[in-house]
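Worksheet: one structure, shown below.
The values are calculated or read from the model by the stated rules, or taken from the named source; none is laboratory data. As the structure is a prediction and not an experimental result, all values here were calculated from the model. Positions of Cβ are backbone-derived with ideal geometry, glycine not excepted, and every protein chain shown enters the neighbour counts.
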Amino acid sequence: MILNNLKIAWRSILKNKLFSFINVIGLSIGLCAAMVIGAIVYYDFSFDKFHTDGDRIYRIVSVFKSKEGEFSNRGVAVPLMRTFQEGVAGVEVTAPFMNTTFYKVQNREANLDFKDIENSIMADDAYFELFQYEWLAGDKATALSGPGQVVLSQKKAEIYFPHTQMANVVGRTLVYNDSIPVKVTGVVADFKEKSDLNFTEFMSMASAKIFDEQDITTSDQWNSTSSGDQLFIKVADLSRLNEIQSRLDALALEHKNMEPWAVDDDRLFVLQPLSEIHFGGKYGDFPFNNSEHVASMSVLKSLAFVALFLLLLGCANFINLNSAQALTRAKEIGIRKTLGSSKKQVVRQFLGETLILTSLAAVVSLFLAPLLLQQFMDFLPSGINLGVLFSPQGILGIVLLILVVSILSGFYPAFVLSRFKPVSVLKGQFVKGDKGVRLRKTLTVFQFVVAQVFVISTMLVGKQLYYVMNKDMGIKTDAIAYVNLPWNNNTEQKKERLLERIKEIKGLSNVSWANNPPASNSVSSTMLTYFQDGAEMHQETEILWGDINYLKTYNIPILSGRERLNDSIQEYVVNEAFAKALGFQEPSEVVGTMLKLDTMNIPVVGLMKDFNQRSLKSDIRPLALTGNWKNRSFSMINSIHFDLGNNSEQWSESIEQVENAWAAVYPDEEVKVKFMDEIVQGFYRKEKSTVQLLKWATGLAILISCMGLLGLVVYTTERRIKEIGVRKVLGANLAQLNMLLCKEFLLLVGIAFVLSVPIAWYLIEEWIQGFAYKTTLSWWVFMSSGVGMVLVALAVIGTRTYRTANINPVESLRSE
Amino acid sequence: MLLQLNNIFKWVNSGGQRIFLLKDINLEVEEGEFISIMGPSGSGKSTLLNVIGMLDTFDEGEYNFLEESVHDLKEKHRANLYKEYIGFVFQSYHLLDELTVQENLEMPLIYKKFKGSERKAMVADMLDRFSIVGKKDLFPAQLSGGQQQLVGIARALISNPKLILADEPTGNLNSKQGEEIMELFKQLNDEGVTIIQVTHSEKNAEYGSRIINLLDGRMI
Ligand SMILES: Nc1ncnc2c1ncn2[C@@H]1O[C@H](COP(=O)(O)OP(=O)(O)O)[C@@H](O)[C@H]1O
Ligand SMILES: [Mg+2]
């Protein structure tokens, strides 16, 4: 029976090649999107799933609430770690650790030097009690018990001690940061499963003092939180979470910051389950300081929706074409029923056919999937691959997907077919009544609504992106570049020397030193105090450090007052937003205000024009520019900025000279020239990837929908061939016939357009709220996307109607 | 008695008017009969045949088939009944285009849940009996009309029905082919199969043992 059904199914698939092709392609696009997106979603859901008692592992993070909003920090104040180490009821293991970096590690025996060591933490033995590593050498219980001890991951050990057995690595000595000897006490295997805990070097916590880091045993900095200070615990029992949370609340209250400017704010300690760390918790933080990727639930959800809609489009195609085709298959059903087939058997047969087509589509999509994934590689974490599709879970997922899609798309047509009464089929009454027309029209409208929403969204997102990337930010971004100076092995003299050398380069102008460029993702802010009507007021202010050339380099005008007198004088130049925040109706009046920072009184000497300090997603915030006066040993200077000039042919030569100057001063460090326009572009990486994704989704949605439309057109025109023949004999011309045939379909596309406008409008309104600066949702975008869609539909319909209208009536009227 | 129709009426409502397709049909058919139904086009021959074959319903009257009251049966039971006892032969053959001759013959057996080996034997038997062994792997489109109808009859016969209903079985055939089909019916009837056929041809009707004439849905 089954074999027989499969055989028949296969033959009828071959018989209707065009329909089968459309069905398979439509479904395979949907399936392909589902597979690729499934692999992406699966990737993000498979992190840190393997830890023993993982469901009982929690991280404690800090949340700050102030009138400016809520912020979170994945770290905690260091003394909280001590409190937990001393014992908190309900906690089984307390494992604090600190993200850290070392600027140099040496294996002196082998004469090997390693620089800028990342992915390292300071931890104690509790870390290895909490997270189970495979120990290749060393004693897990004591490896991190004393100062000057380090555990290496296998990969790291192989780098530090090439061609050495792991057992022999233990006991060897490494020299950190030029002078600190540290003994290797253990080697652990790197996790084979996916994990955000990708640390490769574990320094004993007892060494913190030697490395000038905060010491848990003595620190009392309850009000300083660094994101690298991690506190993990294992709770004894999930039912005791409330108890632990109350203790955390009590601790937060007890150690509240009572400084006048912070007294209204709140700091909370929050328990974050291990499973949420990869998703950044509530605030979307990166999992750890050294993480390169944080999964976004909302992005994954949008992706899942895209996949779902593409799948539904494929299914809609299928239902459409097959219920349309049902009429041509009615005869077969009638015969089968007179031969004794039951309804159930008919349903089973057609579901079987659907299953074959869907499986075929799945096979096709397995080939297409790598091509699709390739398109998104730029903005996906590099670990994602389609290998998961061939794992047992992946295969199970695909099989489930095939079954669900088969049932979804096959059930209705099968149901329609199974209801045919043999007698009406045999009487040939059938061709007149055409049930399901409304359903097919509805499905077609649905397809075009989805496609149209995608088109409009893509255009508007693209328009917004163009707007923000091209809007004048208030600073010069073309032909401006800078170099970041090395943060270790550096001296003020070296910085001066490089600055002098760069200033000598002929092609460059407006060379200045600074901390950050005027627009960047890194922000420093501080609380400035001022007096108003005798009362002490506080203003959170972003600070930029730069010399007196800085404003010139970036073409930022001074509106009133003056530039600072020199690079190291204690004076501020503030922006208009700052003046407004302080309550000045006329911003220029801010000049002359005295500001208090700690114990110093610093005058505002100038007002600069507002510019955007970050992407246009955020507003302009109060800002002050100042020089390098803090102290000589802790200079704020860490970058040199310059204007490459208008002659772009000269740029590469100038940059080469900058690189040469660098090499002369920092022979051991790599130089990286950053271009301001690229920095600005980088603000919108996520939006660019959204556009990329939308473009693909749109293209595919249009493709599927148009194929569905084509199928429907083929079917309809074929049924009307005789009518067309008659009309032609009666004198209708080609244009009239085409119009006659197209009208019905264009109406559907038109209805879809009307429905899609408010949907797209609503979605884009939501999305664009994420920007402080918004492009207008112009009517012409909607209109042109509608017109575009009609033209595409017309092209699809036209190919077919033209042919039909051209058929010689003698031919179409000959039979019967 | 194989079947019995008592006061069968069938009508459709159209524009507030009741149009009768069958009017007061009374008919008894014994096993082994060979009946020809005749009448002008549109007189209700096909409708009657379909009612007898349980493919179509009726509005009034009683229909007993082998002691079962067809008018009281649910659709599913009716389907089981005709699946078991009735074979259909159509004017336009109605073979499944996607299936070979052999597979067409096999189809009813599959629906009756015969085992694979049994099916093979029965199909081989039937191919042999109708001398179409050489055509078994051809598709319907590759056969002449007469050959297709042969296959149609073979298919109707394969599960040993008690009754064969044939609606103008020779309507699409030339006279020589038609004659062959009639000879075949005659032979089957001699072997004990009950046959009811619709025909326009007096000559073909003569093959039967009884002729029923219909006019406007009424037996005359
Ligand atoms: N479902 C129906 N609705 C309306 N009229 C019908 C229906 N089925 C059959 N008829 C009409 O009933 C009459 C008898 O049809 P039929 O039995 O096919 O005649 P014939 O004797 O040619 O086989 C015809 O006039 C036909 O149009
Ligand atoms: Mg008829």
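Of the residues B:Leu150, B:Leu165, B:Leu188, B:Leu184, which is without any contact (Cβ under 8 Å) to a residue 60 or more places away in the chain, among the aliphatic types (A, V, I, L, M), under 23 Å from B:Ser36 (Cα atoms) and buried (at least 22 other Cβ atoms within 10 Å of the Cβ)?
Working: B:Leu165 fails: without any contact (Cβ under 8 Å) to a residue 60 or more places away in the chain; B:Leu188 fails: buried (at least 22 other Cβ atoms within 10 Å of the Cβ); B:Leu184 fails: buried (at least 22 other Cβ atoms within 10 Å of the Cβ).
The unique qualifying residue is B:Leu150.
Quick one: A:Asp265 ticks every box in (1) within 19 Å of A:Val78 (Cα to Cα); (2) in contact (Cβ under 8 Å) with a residue 40 or more places away in the chain bar one, so which box is it?
If we test A:Asp265 against (1) within 19 Å of A:Val78 (Cα to Cα); (2) in contact (Cβ under 8 Å) with a residue 40 or more places away in the chain, just (1) comes out false.
Here are some residues: B:Ile35, B:Ile25. Which one is within 16 Å of ligand 1 (Cβ to nearest atom) and buried (at least 22 other Cβ atoms within 10 Å of the Cβ)?
Values: B:Ile35 fails: buried (at least 22 other Cβ atoms within 10 Å of the Cβ).
So the residue among B:Ile35, B:Ile25 that is within 16 Å of ligand 1 (Cβ to nearest atom) and buried (at least 22 other Cβ atoms within 10 Å of the Cβ) is B:Ile25.
In this structure, is A:Gln374 assigned to a helix (DSSP H, G or I) and crowded, with 18+ Cβ neighbours inside 10 Å?
On the way: assigned to a helix (DSSP H, G or I): yes; crowded, with 18+ Cβ neighbours inside 10 Å: no.
Considered against the rule, which asks whether it is assigned to a helix (DSSP H, G or I) and crowded, with 18+ Cβ neighbours inside 10 Å, A:Gln374 comes out as no.
Going by what's in this entry, would A:Leu426 be described as modelled with pLDDT of 85 or more and outside any loop (DSSP other than H, G, I, E, B)? So that I can check it myself, show each step before the final result.
Working: modelled with pLDDT of 85 or more: no; outside any loop (DSSP other than H, G, I, E, B): yes.
For A:Leu426, the condition - modelled with pLDDT of 85 or more and outside any loop (DSSP other than H, G, I, E, B) - is not met.
Would you call B:Ser41 modelled with pLDDT of 90 or more, out of contact with any strand residue (DSSP E or B) (no Cβ under 6 Å at 6 or more places or on another chain) and away from ligand 1 (no atom under 16 Å from the Cβ)?
Numbers: modelled with pLDDT of 90 or more: yes; out of contact with any strand residue (DSSP E or B) (no Cβ under 6 Å at 6 or more places or on another chain): yes; away from ligand 1 (no atom under 16 Å from the Cβ): no.
No.
Which members of segment A:197-250 meet the condition of being of a type in the set (Val, Ile, Thr) and over 22 Å from A:Lys49 (Cα atoms)? Steps first, please.
Step one: of segment A:197-250, the residues of a type in the set (Val, Ile, Thr) are A:200, A:210, A:216-218, A:225, A:233, A:235, A:244.
Within segment A:197-250, A:Ile210, A:Ile216, A:Thr217, A:Thr218, A:Thr225, A:Ile244 meet the criteria.
Would you be able to tell me the number of residues in segment A:233-278 that are in contact with a Pro (Cβ under 8 Å, 6 or more places away or on another chain) and in a loop (DSSP other than H, G, I, E, B)? Outline the logic, then answer.
Pass one, segment A:233-278, residues in contact with a Pro (Cβ under 8 Å, 6 or more places away or on another chain): A:255, A:277-278.
The next check asks that each one be in a loop (DSSP other than H, G, I, E, B); those that pass are A:255, A:278.
Total meeting the criteria: 2.
Would segment B:68-86 turn up any residue that is surrounded by 14 or more Cβ atoms within 10 Å (Cβ to Cβ), closer than 25 Å to B:Gly178 by Cβ, within 16 Å of ligand 2 (Cβ to nearest atom) and within 12 Å of chain A (Cβ to nearest Cβ)? First the steps, then the outcome.
Of the residues in segment B:68-86, the ones surrounded by 14 or more Cβ atoms within 10 Å (Cβ to Cβ) are B:68, B:70-71, B:73, B:78-86.
Of the ones still in play, those that are also closer than 25 Å to B:Gly178 by Cβ are B:86.
So of that shortlist, the ones also within 16 Å of ligand 2 (Cβ to nearest atom) come out as none.
No, segment B:68-86 has no match at all.
Just give me the residues in segment B:30-50 being within 13 Å of ligand 2 (Cβ to nearest atom), under 16 Å from the mean Cα position of the chain (by Cα) and not small (Gly, Ala, Ser), in sequence order. I'd like the intermediate steps shown before the answer.
Of all residues in segment B:30-50, those within 13 Å of ligand 2 (Cβ to nearest atom) come to B:37-50.
Adding the requirement that they be under 16 Å from the mean Cα position of the chain (by Cα) leaves B:37-38, B:44-50.
B:Ile37, B:Met38, B:Lys45, B:Thr47, B:Leu48, B:Leu49, B:Asn50, listed by residue number.
Can you tell me which residues in segment B:51-67 are within 14 Å of chain A (Cβ to nearest Cβ) and away from ligand 2 (no atom under 16 Å from the Cβ)? Explain how you work it out, then say what you get.
Taking segment B:51-67 and keeping what is within 14 Å of chain A (Cβ to nearest Cβ), we get B:51-58.
Answer for segment B:51-67, where residues must be within 14 Å of chain A (Cβ to nearest Cβ) and away from ligand 2 (no atom under 16 Å from the Cβ): B:Met54, B:Thr57, B:Phe58.
Within segment B:122-134, track down each residue that is in a helix (DSSP H, G or I) and modelled with pLDDT under 90.
Initial filter on segment B:122-134 (in a helix (DSSP H, G or I)): B:122-129, B:133-134.
Result: B:Arg129, single match.
Residues that are of a type outside the set (Val, Ile, Thr), at negative phi and surrounded by fewer than 21 Cβ atoms within 10 Å (Cβ to Cβ), at least 2 per element: which strands (runs of 3 or more DSSP E) completely within segment A:615-730 meet that?
Numbers: elements: A:623-626, A:639-643, A:673-675.
Of the strands (runs of 3 or more DSSP E) lying wholly inside segment A:615-730, those with at least 2 residues that are of a type outside the set (Val, Ile, Thr), at negative phi and surrounded by fewer than 21 Cβ atoms within 10 Å (Cβ to Cβ) span A:673-675.
Have a look at B:Leu48, B:Leu55, B:Leu3 and point out the one that is among the hydrophobic types (A, V, I, L, M, F, W, C) and more than 16 Å from ligand 1 (Cβ to nearest atom).
Details: B:Leu48 fails: more than 16 Å from ligand 1 (Cβ to nearest atom); B:Leu55 fails: more than 16 Å from ligand 1 (Cβ to nearest atom).
Sole residue among the options that is among the hydrophobic types (A, V, I, L, M, F, W, C) and more than 16 Å from ligand 1 (Cβ to nearest atom): B:Leu3.
Filter segment A:126-167 for residues that are more than 35 Å from the chain's Cα centre (by Cα), under 30 Å from A:Gly75 (Cα atoms) and not hydrophobic (A, V, I, L, M, F, W, C) and give the result.
Result: A:Gly138, A:Asp139, A:Lys140, A:Thr142, A:Ser145, A:Gly146, A:Pro147, A:Gly148, A:Gln149.
For segment A:513-609, list the strands (runs of 3 or more DSSP E) that sit wholly inside it and hold at least 3 residues that are surrounded by fewer than 21 Cβ atoms within 10 Å (Cβ to Cβ) and not polar (S, T, N, Q); which are they?
A:525-532, A:535-545, A:558-561, A:594-597, A:600-608
Report, by residue number, each residue of segment B:109-121 that is over 20 Å from the mean Cα position of the chain (by Cα) and either outside any helix (DSSP H, G or I) or more than 12 Å from chain A (Cβ to nearest Cβ) (or both). Please lay out each step first, then the result.
Within segment B:109-121, the subset over 20 Å from the mean Cα position of the chain (by Cα) is B:113-121.
Those that are over 20 Å from the mean Cα position of the chain (by Cα) and either outside any helix (DSSP H, G or I) or more than 12 Å from chain A (Cβ to nearest Cβ) (or both): B:Lys113, B:Phe114, B:Lys115, B:Ser117, B:Glu118, B:Lys120, B:Ala121.
What's the total number of residues in segment B:89-106 that are more than 8 Å from chain A (Cβ to nearest Cβ) and either surrounded by fewer than 20 Cβ atoms within 10 Å (Cβ to Cβ) or on the phi < 0 side of the Ramachandran plot (or both)? Spell out the reasoning first.
Keep residues of segment B:89-106 that are more than 8 Å from chain A (Cβ to nearest Cβ), which gives B:89, B:91-93, B:100-102, B:104-105.
Next, from what is left, pick out any that are either surrounded by fewer than 20 Cβ atoms within 10 Å (Cβ to Cβ) or on the phi < 0 side of the Ramachandran plot (or both): B:89, B:91-92, B:100-102, B:104-105.
Number of matching residues: 8.
Is one or more of the residues making up segment A:345-366 within 14 Å of another protein chain (Cβ to nearest Cβ), of a type in the set (Ser, Thr, Tyr) and out of contact with any Asp or Glu (no Cβ under 9 Å at 6 or more places or on another chain)?
no
Take A:Glu492 and decide whether it is among the acidic types (Asp, Glu) and over 23 Å from A:Asp116 (Cα atoms). It would help to see each step written out before you state the result.
On the way: among the acidic types (Asp, Glu): yes; over 23 Å from A:Asp116 (Cα atoms): no.
No; evaluated as a whole, the condition is false for this residue.
Limited to segment A:471-498, what total is found for residues that are over 38 Å from the mean Cα position of the chain (by Cα) and under 20 Å from A:Leu551 (Cα atoms)?
Residues flagged as over 38 Å from the mean Cα position of the chain (by Cα) and under 20 Å from A:Leu551 (Cα atoms) within segment A:471-498 amount to 1.
Quick grid of which residues meet (1) of a type outside the set (A, V, I, L, M); (2) at pLDDT 85 or above; (3) within 21 Å of A:Arg11 (Cα to Cα):
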site	(1), (2), (3)
A:Leu303	no, yes, no
A:Val306	no, yes, no
A:Phe309	yes, yes, no
A:Leu312	no, yes, no
A:Asn317	yes, yes, yes
A:Ser323	yes, no, yes
A:Leu327	no, no, yes
A:Ala330	no, no, yes
A:Ile333	no, no, yes
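Would you check if B:Asn80 is in contact (Cβ under 8 Å) with a residue 12 or more places away in the chain and away from ligand 1 (no atom under 15 Å from the Cβ)? It would help to see each step written out before you state the result.
Numbers: in contact (Cβ under 8 Å) with a residue 12 or more places away in the chain: no; away from ligand 1 (no atom under 15 Å from the Cβ): yes.
Spelling it out, it is not the case that B:Asn80 is in contact (Cβ under 8 Å) with a residue 12 or more places away in the chain and away from ligand 1 (no atom under 15 Å from the Cβ).
Let me spell it out: the conditions are (1) within 14 Å of chain B (Cβ to nearest Cβ); (2) on the phi > 0 side of the Ramachandran plot, and A:Ala330 meets all of them except one. Which number is the exception?
Every listed condition holds for A:Ala330 apart from (2).
Return the pair list, or none, for Cβ contacts closer than 9 Å from residues in segment A:394-409 that are surrounded by fewer than 15 Cβ atoms within 10 Å (Cβ to Cβ) to residues that are among the polar types (S, T, N, Q), at least 6 apart or on different chains.
Partner pairs satisfying both residue conditions: A:Leu403/A:Thr358.
Looking at segment A:346-374, which of its residues are without any contact (Cβ under 8 Å) to a residue 40 or more places away in the chain and more than 22 Å from A:Phe19 (Cβ to Cβ)?
Of everything in segment A:346-374, those that are without any contact (Cβ under 8 Å) to a residue 40 or more places away in the chain and more than 22 Å from A:Phe19 (Cβ to Cβ) turn out to be A:Pro370, A:Leu371, A:Gln374.
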